[in-house]
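The values are calculated or read from the model by the stated rules, or taken from the named source; none is laboratory data. Note that the coordinates shown come from a computational prediction; the quantities given were computed from them, not determined experimentally. Counting neighbours? That spans all protein chains shown, and the Cβs are built from the backbone with ideal geometry, glycine included.
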Amino acid sequence: MSELFLIVFKMSLTASYVILFVIFVRLLLNKAPKVISYALWGVVAFRLIVPFSFESMFSLMPRNSNAVSIPHDIVYKQSLKIDRGTEVADSFVTRLFPSPAVKASMNPPQIYIEIGAYIWFFGVTILLVYSLVSVLSLKRQLKDAQLIEKNIFEAKNLKTPFVLGLVNPRIYLPVGLSKEQQNYIIMHEQAHIHRKDNIIKILAFVIVSIHWFNPLVWIAFMLMSTDMELSCDEKVLKAMDDEMKKPYANSLLSLAVGKHILNGSPLAFGEGNVKRRIKNVLSYKKPKVWVILFSIIIVTAIGIGLVTNPRSTISFNGSSYRVKEILYQAGIYSFAYTLDTAPQYSISSDYSLYSKQITDEEWSMQGVLYPCEISRQELNSLFISPYIPSYDGFHKAIDQVKLVHRADTDDDIKTFYLVLQLKNGDVLLAVGYDNEDFRHIRWLFRLEKLSDFNDEAIDKT
């Protein structure tokens, strides 16, 4: 459960940035049709429920330039990293909840995570159970509602109309409304059903229940609900003449008093924020075509920017390398490389790592590189010998690590390779052993690109 909680927590952090961005854009698009801002909340929903995304040069998400800590076992075990949002979110979480030390059973931060996971799960359960119980109670109160026509019912104990149901949604109206008021309200509620707002509201509440600990998610839910109502009003007004705005506003005003029979339940949502809706109705003007087109273009661009992640700027694949500098050799071994005897390396376009000794003619595949994250502290702990040919160069290089990929060789000594891309674009390669009793790096090379790597020249069988 702790793993799931951390995934949700990271998604929530990433979505917080998106929520703030959408709120800002929503203010800028104040004059645009409200359906435009309503659509933007779909980007927030994506970030809150999808634990991965895609990379794009047009991404508007922030990038973290620092190395990121990850749990200790991920450094040593082959498991593909899922990009849950941005490096910033991962960095914040791993700093907030540091990984346990090697061979430690469970340290205090891990205990806090475990406790937090149970509190989170308890909160999710309470919200979902409360919502379900509330709807069942509401259905009992509506058992005497009178059918008017089709899916429209009238109930005596209502102060405001609402829609209830998923597959066959029903419209419930308070008793005592005039025929004109009923017509306007029914048009509005049918617009909700036509747009599947009753389903969207339920899904939105489930998402809020999962991220209940994040106040920005609750704010997003309320603003989304407002945009849902305003855009639905505009959809109705679009089919009316201008002189119908005042009667429509009056029908809303007649519902301004009283409370919902069930507050906070997404399965039966009524017409809230009446004052804001009346103002929007009275000031509504059918938007010009160019305004709609411009708004769609802007929202589409922003949506793509917020859904995608920044490109990782990986540039080491598809190339052959020679060792330009030996930054580190473990002093516990009698054998040492020189620049004249160090191997050559190649990385194919599909991230397969190959090496060959100076005396060899053919390349040997060492493994497939996969992305992993490792902090400077974790990386430094793998260097166990004081014998460092270029001490200053070694530490400066470690401080500049931006991206880390790992490959594992299927041999008895469990050789592993770390390809480290630095902020300035340089590529380092570390060779180490993953022995359970003595994990360490034996060599660290600075590589120099020789040429593009010809994948077809390698027999991958």
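Name every residue in region 322-357 that is within 15 Å of Leu447 (Cβ to Cβ) and aliphatic (A, V, I, L, M), in order of residue number.
Residues satisfying the conditions are Val323, Ile326, Leu327, Leu339, Ala342, Ile347, Leu353.
Take region 169-207 and flag every residue that is under 30 Å from Ile126 (Cα atoms), touching a Phe, Trp or Tyr at 6+ places or on another chain (Cβ under 7 Å) and not hydrophobic (A, V, I, L, M, F, W, C).
Those that are under 30 Å from Ile126 (Cα atoms), touching a Phe, Trp or Tyr at 6+ places or on another chain (Cβ under 7 Å) and not hydrophobic (A, V, I, L, M, F, W, C): Arg170, Tyr172, Lys201.
Return the residues of region 358-371 that are surrounded by 15 or more Cβ atoms within 10 Å (Cβ to Cβ) and within 19 Å of Phe445 (Cβ to Cβ); say none if nothing qualifies.
Trp363, Met365, Gln366, Gly367, Leu369
Regarding Arg95, is this residue touching a Lys or Arg at 6+ places or on another chain (Cβ under 6 Å), modelled with pLDDT under 85 and either part of a loop (DSSP other than H, G, I, E, B) or not small (Gly, Ala, Ser) (or both)?
Working: touching a Lys or Arg at 6+ places or on another chain (Cβ under 6 Å): no; modelled with pLDDT under 85: yes; either part of a loop (DSSP other than H, G, I, E, B) or not small (Gly, Ala, Ser) (or both): yes.
Answer is no for this residue.
If you check Ala45, Ala89, Ala32, which single one turns out to be under 18 Å from Trp120 (Cβ atoms) and either at pLDDT 55 or above or charged (D, E, K, R) (or both)? Please lay out each step first, then the result.
Values: Ala45 fails: under 18 Å from Trp120 (Cβ atoms); Ala32 fails: under 18 Å from Trp120 (Cβ atoms).
After ruling out the rest, the residue left standing is Ala89.
Specify the residue that is modelled with the lowest pLDDT; the eligible residues are those in region 307-357 that are β-branched (Val, Ile, Thr), crowded, with 17+ Cβ neighbours inside 10 Å and farther than 18 Å from Leu429 by Cα.
Among them, the one singled out is Thr308.
Which one is nearest to Leu223 (Cα to Cα) among residues in region 178-205 that are of a type in the set (A, V, I, L, M) and touching a helix residue (DSSP H, G or I) at 6+ places or on another chain (Cβ under 7 Å)?
Going through the qualifying residues, I end up with Ala204.
So Ser251 ticks every box in (1) at pLDDT 85 or above; (2) of a type outside the set (Val, Ile, Thr); (3) out of contact with any Gly (no Cβ under 8 Å at 6 or more places or on another chain) but one. Which box is left unticked?
Of (1) at pLDDT 85 or above; (2) of a type outside the set (Val, Ile, Thr); (3) out of contact with any Gly (no Cβ under 8 Å at 6 or more places or on another chain), only one is false for Ser251: (1).
Among the listed residues Met228, Met222, Met187, identify the single one that is free of Cβ contacts under 8 Å to residues at least 24 places away in the same chain, part of a helix (DSSP H, G or I) and of a type in the set (A, V, I, L, M, F, W, C).
Working: Met228 fails: free of Cβ contacts under 8 Å to residues at least 24 places away in the same chain; Met187 fails: free of Cβ contacts under 8 Å to residues at least 24 places away in the same chain.
Result: Met222 is the single residue among Met228, Met222, Met187 that is free of Cβ contacts under 8 Å to residues at least 24 places away in the same chain, part of a helix (DSSP H, G or I) and of a type in the set (A, V, I, L, M, F, W, C).
Inside region 122-176, can you point out the residues that are of a type in the set (Asp, Glu) and in a loop (DSSP other than H, G, I, E, B)?
Asp144
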